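Working notes for the structure below.
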Ligand SMILES: [Cu+2]
């Protein structure tokens, strides 16, 4: 191998190392307790909840989500103001290094809008989480009847923005 070839080989090797590093971006991120709120067939909107854990030494930022079963998917946050629950779309959720963020009723959630089919209890719904930098994770969320949250308590998911 002459010097020119050696340089080419080395830069190719370095490129591969960088690509591998990029692919590692989603590593250290895991999702647990993923579930989707069961809804009556008349409802075309529901929400997905989960715990996102970041065991890496860098902050990871959830920037969007997608799902084959929904026409649109948005990241929302519910909060209480003056005794009223209001919901607003958020651009992202940051998960600091070595910590976790839980998406749960009354807080952050992933809104599944314009459902293409009803979601039935026990079904698994695939939701893809997209992180800043291009990494993504596919999550299978089980449809559950959970909590006191009735569909009527989320009136059409009207947003306050
Ligand atoms: Cu919502």
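A few comments on the model shown:
- Among residues of the stretch 50-78, those that are without any contact (Cβ under 8 Å) to a residue 40 or more places away in the chain and within 12 Å of the ligand (Cβ to nearest atom), counted: 4
- Among the residues of the stretch 81-108, the ones that are exposed (fewer than 13 other Cβ atoms within 10 Å of the Cβ), away from the ligand (no atom under 15 Å from the Cβ) and under 24 Å from residue 38 (Cβ atoms) come to 0 in all.
- The residue list 129, 62 contains one member that is surrounded by 14 or more Cβ atoms within 10 Å (Cβ to Cβ), under 16 Å from residue 35 (Cβ atoms) and modelled with pLDDT of 95 or more, which is 129.
- Per the conditions (1) crowded, with 18+ Cβ neighbours inside 10 Å; (2) at pLDDT below 95, the sole criterion not satisfied by residue 54 is (2).
The values are calculated or read from the model by the stated rules, or taken from the named source; none is laboratory data. Owing to the predicted nature of the structure, the values given are computational and were not obtained by experimental measurement. Every residue, glycine among them, receives a Cβ derived from its backbone with ideal geometry; neighbour counts consider all protein chains shown.
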